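Since the structure comes first, as structure tokens, the remarks are kept for the end.
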Amino acid sequence: MLATNGRMKIAIQRNGRLTEDSVALLRACGLSFEFQKQSLYSPCSNFDLDVLAIRDDDIPEYVQDGVADLGIIGENVLLERSARVHQLVPLGFGGCKLMISVPQRSAVRKISDLNGLRIGTTYPTILKSFLKDHKVRSEIVELSGSVELAPSLNVADVICDIVSTGTTAKMYGLRTFCTVLESQAVLVANLASMRDKKKRAIIDRLMIRVQGSQEAGGKRYLMMNAPANSVARLKRVIPSLKSPTVVPLAETGMVAIHSVVAEDVFWDVMEKLKKAGASDIIVVPIETIIR
Ligand code: PRP
Ligand code: ZN
């Protein structure tokens, strides 16, 4: 058991696919902490929370048992461990698929071809229910790691493992065959912490910040000057320019226009704005939006 110091804890993956984005999210929430992969605890200096860096597979149990009050974990691991925790919000990063992959030259073409084959995996629970749903009878070979090696070691015929970029599968001569589960990172909380008044207040504060940074994600703040008589035209050419703020400038007949635009269209929008008479266009990143 871990020693506790009475402060609330959020568990994140120590070293892996979710680590960097988890740290970035907490920093975007204004939490100030030094993150070192070697150290278990990183206290936040400006928020009542300690960051606990552990193996991702341990996070569901730690949050369920209250060793950590909060956790950032992939839905894949959460489902496999069937931990009793409260899911607060999907985080939009750590996207991956749990997939069945087969050796390049395998004859497997449809799901029923998996009948009688040995499937190596670290996700036996999810795989079992997938096979049951598809009425397929395969042997599940439960592995603890290095799943992609199983076919070449003849420990299994095919594998069921996480695919993110697909590099690992390719590197081991495997062809992805079908998706068992789609997953992303989620923020979860211990059930008792959710009911504890003091802890709940801190969780709620954190949630407002998480939602704020999610709202801001992929958006830019746009400011420009334009002749007052072009405002109608500017609004028309750019449908994404919803309810902009229009402020008169000292120079008569000129206005300043402020609006929020989506990151992926902002170059497009800027070019059109310029053509429609806007000048001095400034685009700045948005850190948070609190509604
Ligand atoms: C998975 C999987 C592969 C890798 C696939 O591990 O086991 O090793 O990611 O990624 P790729 O398609 O981008 O090559 P995961 O990060 O889920 O963590 P784990 O080591 O805790 O199983
Ligand atoms: Zn893991």
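The values are calculated or read from the model by the stated rules, or taken from the named source; none is laboratory data. Small disclaimer: the values here were computed from a predicted structure and weren't measured. Cβ atoms come from the backbone with ideal geometry, glycine included; neighbour counts cover every protein chain shown. Ligands, DNA and RNA are stripped out before the accessible areas are found, and what is left, the full protein with its side chains, is counted by its heavy atoms. Shrake-Rupley method; radii C 1.70, N 1.55, O 1.52, S 1.80 Å.
For this structure, a couple of remarks:
- Just one of the listed residues (ALA83, ALA11) is within 16 Å of ligand 2 (Cβ to nearest atom), in contact with a Gly (Cβ under 8 Å, 6 or more places away or on another chain) and within 26 Å of ARG195 (Cβ to Cβ), and it is ALA11.
- Residues that are open to solvent by 70 Å² or more (accessible area, probe 1.4 Å), within 15 Å of ligand 2 (Cβ to nearest atom) and assigned to a loop (DSSP other than H, G, I, E, B), drawn from the range 142-160: SER144, SER146
- Residue list for the range 40-77, filter: open to solvent by 10 Å² or more (accessible area, probe 1.4 Å), within 23 Å of ARG195 (Cβ to Cβ) and in a helix (DSSP H, G or I): GLU61, TYR62, GLN64
- If you go through the range 161-183 and pick out every residue that is more than 16 Å from ligand 2 (Cβ to nearest atom) and touching a Phe, Trp or Tyr at 6+ places or on another chain (Cβ under 8 Å), you end up with 1.
- Only a single item in (1) under 20 Å from ALA185 (Cβ atoms); (2) among the acidic types (Asp, Glu); (3) more than 16 Å from ligand 2 (Cβ to nearest atom) is not met by ASP56, and it is number (3).
- Members of the range 84-116 found to be free of Cβ contacts under 8 Å to residues at least 40 places away in the same chain and either in contact with a Cys (Cβ under 7 Å, 6 or more places away or on another chain) or not charged (D, E, K, R) (or both), listed by number: ALA107, SER112, ASN115, GLY116
- Within the range 10-30, tally of residues that are closer than 17 Å to ASP57 by Cα and away from ligand 1 (no atom under 16 Å from the Cβ): 1
- Selection within the range 153-178 - touching a residue at least 40 places away in the same chain (Cβ under 8 Å) and either away from ligand 1 (no atom under 13 Å from the Cβ) or among the basic types (Lys, Arg) (or both): ASP157, VAL158, GLY173, ARG175, PHE177, CYS178
- Some residue of the range 273-287 being among the polar types (S, T, N, Q) and buried (at least 17 other Cβ atoms within 10 Å of the Cβ): no
- Single unsatisfied condition, VAL108 versus (1) assigned to a strand (DSSP E or B); (2) out of contact with any Leu (no Cβ under 6 Å at 6 or more places or on another chain); (3) not assigned by TED's automatic domain parsing to the domain that holds ASP58: (1)
- Every test in (1) surrounded by fewer than 17 Cβ atoms within 10 Å (Cβ to Cβ); (2) among the small types (Gly, Ala, Ser); (3) under 28 Å from the mean Cα position of the chain (by Cα) is passed by SER112 save one, and that test is (3).
- Strands (runs of 3 or more DSSP E) contained entirely in the range 161-271, each with at least 1 residues that are under 21 Å from GLN13 (Cα atoms) and open to solvent by less than 50 Å² (accessible area, probe 1.4 Å): 174-183, 185-189
- Residues satisfying the stated conditions in the range 119-139, i.e. out of contact with any Ser or Thr (no Cβ under 7 Å at 6 or more places or on another chain), open to solvent by less than 60 Å² (accessible area, probe 1.4 Å) and assigned to a strand (DSSP E or B): GLY120, THR121
- Meets criteria (within 16 Å of ligand 2 (Cβ to nearest atom) and either over 22 Å from GLY74 (Cβ atoms) or surrounded by fewer than 17 Cβ atoms within 10 Å (Cβ to Cβ) (or both)) for GLU20: yes
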